[in-house]
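Read through the structure below, which is laid out as structure tokens, and then see the notes.
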């Protein structure tokens, strides 16, 4: 069900053309969008909002130019502590 929810939200947001590598990298972010759309979660945290903006920016870039996938994956990589 989780995979289907993720695919559904990609369709709803018009992001159904994303490469699988990028989808894998931002899977947790997409699930956050799913939870928000279902009304289960809403964060007022500015760091979450910034992350969502970055994810949205890179998704839009990759949809316009798929050759940016590797750059997007690198830019969206969350570095551990």
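Values quoted throughout were computed directly from the atomic coordinates according to the rules given, and no laboratory measurement underlies them. Not measured: the values here are computed from a predicted model. Heads up, the Cβs are rebuilt from the backbone with ideal geometry, glycines too, and the neighbour counts pull from every protein chain shown.
At what distance in nm do the modelled label points of residue 68 and residue 50 sit from each other, each positioned 7 Å from its Cα along Cα→Cβ?
The modelled label-to-label distance comes out at 2.1 nm.
Tell me the label-point distance for the pair residue 31, residue 11, using the 7 Å Cα-to-Cβ offset, in nm and rounded to one decimal.
Using points 7 Å along Cα→Cβ, the separation is 2.1 nm.
So how do 8, 29 line up by other beta-carbon neighbours within 10 Å, fewest first?
Least to most surrounded, the residues fall as 8, 29.
Order by neighbour count: 47, 33, 57, fewest other Cβ atoms within 10 Å first, most last.
Least crowded to most crowded, the residues run 47, 57, 33.
Go through (i) 1.14; (ii) 1.04; (iii) 0.95 and flag the label whose value is the computed Rg/Rh (Cα atoms, Kirkwood Rh) for this structure.
Computed from these coordinates, Rg/Rh (Cα atoms, Kirkwood Rh) corresponds to label (iii).
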